[in-house]
Structure formats: structure tokens, C-alpha cells
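A.B. asks: After the C-alpha cells below, expect a handful of questions from me.
The values are calculated or read from the model by the stated rules, or taken from the named source; none is laboratory data. Computed from a predicted structure; not experimentally measured. Every residue, glycine as well, gets a Cβ built from its backbone with ideal geometry; the counts of neighbours run over all protein chains shown. Note: areas computed on protein heavy atoms with side chains; ligands, DNA, RNA excluded. Shrake-Rupley method; radii C 1.70, N 1.55, O 1.52, S 1.80 Å.
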Amino acid sequence: MQTTVDARRSLLLVVDVQARLAPAIDEGAAAVENNRRLLQAAQPLQVPVLVTEHYPQGLGATVEPLQAPMAAAGATVIEKIHFGATREPGFLERLRGFGRRQIVLTGMEAHICVLQTGLGLLEAGFALAVVADASSSRTRANREAGLARLARHGAEIVTTEMVIYEWLERAGTADFRALLPLVR
């Protein structure tokens, strides 16, 4: 069993960081910023990116600060109506098509859509790393409960910097020098 997050084996899944939801999120600006950092790191390291948008007609599109890094990373955006993305028709098949068994999961809200998506990913046999500082809820208590439940079911709880450094694996490379501003 692999315990580190590996850029060659992982996929970044950003759940519902949307315009009408983000302003109500506890420490939402920090979560958006950490999602931006992960998206920027994913692109040069060739980590595939999926982004979900829950009922975008009501909650809006993904927040503007993530739009450019999503485009640069070649992110695929998937609309959903189920709280757990894995329940959306065709989602798991699309995810499996990337050939990555390790999912780096972020997003909003940690106790609803992130939680249900994460549980579905674990049930489907994926290794799961949930990025605590890139995931949040409207209240801190709900965020903590969602992350704790995911951990109890086998998810690794990590931080943005943990993921970026594990994706990089070592210092002294061109990728390290390019991504160093993201972790300073």
C-alpha cells in the first residue's frame, strides 16, 4: 500500500468551489487559495484534474480565482446534482478512464459533497487523500466532523503543502524551482 501522494498515480478532484457558495464558507478565502495552489502545481506535474459543480444554475460556476489555473491544468468540469459525485451517472467510469487510483480530494462543503464523494471513492476502491486546508464548510464544526468521518473510513488527511512536496518528491529539479513560489 502506498502511503505518499504520487503525481504519477494521482488525480486532483476539486468539488464544488462555486461562486455563490464560497462567500459563506468558514475560512473560504484560504480554501480557495489552497485550491489555486494545487491546480497550479498539478499542471506542470501532469496530474489530471476534475472539477465538479453542484447545480451551477443555482450555485454559480467555479470561483473566478480558479478559472485560469483550471484551464492551464486542462481540468474537466462536470456538473452534478447528487451530493456525492460518485452517484452521478457516468462519473466513476470517467474517473477510471484516467487510470489513476489515488485521488487528491478538495472542496466545499466538507461535511456534505466532499464527504459523500470521498465515501463513494473509498467504496469504489480508490486511495483517498483529503486536503484539509483546501476543504471547508460553512461552520468549522461541520468541516471537522466531515474530515474526521473520512479519516475513520480510511482517507488520509493531508495539507496543500504535503501534497505539493509529495508530488515533487525531491528538491533540485526544474519542477521544484518552478513550484517553489507556491510553498514559500
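A.B. asks: Being crowded, with 19+ Cβ neighbours inside 10 Å and either in contact with an Asp or Glu (Cβ under 9 Å, 6 or more places away or on another chain) or not aliphatic (A, V, I, L, M) (or both): is that true of residue 128 here?
C.D. replies: yes
A.B. asks: Next up: Within the stretch 9-117, which strands (runs of 3 or more DSSP E) (wholly inside it) include 2 or more residues that are touching a His at 6+ places or on another chain (Cβ under 7 Å) and farther than 21 Å from residue 138 by Cβ?
C.D. replies: Of the strands (runs of 3 or more DSSP E) lying wholly inside the stretch 9-117, none has at least 2 residues that are touching a His at 6+ places or on another chain (Cβ under 7 Å) and farther than 21 Å from residue 138 by Cβ.
A.B. asks: Now a separate question. Please identify the pairs in which a residue from the stretch 77-95 that is within 11 Å of residue 54 (Cα to Cα) has its Cβ atom under 7 Å from the Cβ atom of a residue that is aromatic (Phe, Trp, Tyr) and in a helix (DSSP H, G or I), counting only partners at least 6 apart or on another chain.
C.D. replies: What qualifies is 78/91; 85/91.
A.B. asks: What's the number of the condition residue 95 fails, among (1) open to solvent by 20 Å² or more (accessible area, probe 1.4 Å); (2) more than 13 Å from the chain's Cα centre (by Cα)?
C.D. replies: Every condition holds for residue 95 apart from (1).
A.B. asks: Restricting to the stretch 31-59, name every residue that is surrounded by fewer than 19 Cβ atoms within 10 Å (Cβ to Cβ) and either more than 30 Å from residue 170 (Cβ to Cβ) or touching a strand residue (DSSP E or B) at 6+ places or on another chain (Cβ under 7 Å) (or both).
C.D. replies: 48, 55, 56, 57, 58, 59
A.B. asks: Which of the numbered conditions does residue 70 fail, given that it passes all the others? Conditions: (1) over 13 Å from the mean Cα position of the chain (by Cα); (2) surrounded by 15 or more Cβ atoms within 10 Å (Cβ to Cβ).
C.D. replies: In the conditions (1) over 13 Å from the mean Cα position of the chain (by Cα); (2) surrounded by 15 or more Cβ atoms within 10 Å (Cβ to Cβ), residue 70 misses (1) alone.
A.B. asks: Here's something else I'd like to know. Which residue out of 109, 123, 88, 169 is more than 18 Å from residue 7 (Cα to Cα), modelled with pLDDT of 95 or more and surrounded by fewer than 16 Cβ atoms within 10 Å (Cβ to Cβ)?
C.D. replies: 123
A.B. asks: Pairs needed: first member in the stretch 123-148, on the phi > 0 side of the Ramachandran plot; second member anywhere, open to solvent by 50 Å² or more (accessible area, probe 1.4 Å); C-beta distance under 9 Å; at least 6 residues apart or different chains.
C.D. replies: If the second residue must be open to solvent by 50 Å² or more (accessible area, probe 1.4 Å), the pairs left are 125/101.
A.B. asks: In the stretch 136-165, what residues are more than 16 Å from residue 33 (Cβ to Cβ), of a type in the set (Val, Ile, Thr) and assigned to a loop (DSSP other than H, G, I, E, B)?
C.D. replies: The one that is more than 16 Å from residue 33 (Cβ to Cβ), of a type in the set (Val, Ile, Thr) and assigned to a loop (DSSP other than H, G, I, E, B): 139.
A.B. asks: Touching a residue at least 24 places away in the same chain (Cβ under 8 Å), more than 13 Å from residue 15 (Cα to Cα) and assigned to a helix (DSSP H, G or I): is that true of residue 179 in this structure? Reasoning before the result, please.
C.D. replies: Numbers: touching a residue at least 24 places away in the same chain (Cβ under 8 Å): yes; more than 13 Å from residue 15 (Cα to Cα): yes; assigned to a helix (DSSP H, G or I): yes.
Against the criterion (touching a residue at least 24 places away in the same chain (Cβ under 8 Å), more than 13 Å from residue 15 (Cα to Cα) and assigned to a helix (DSSP H, G or I)), residue 179 qualifies.
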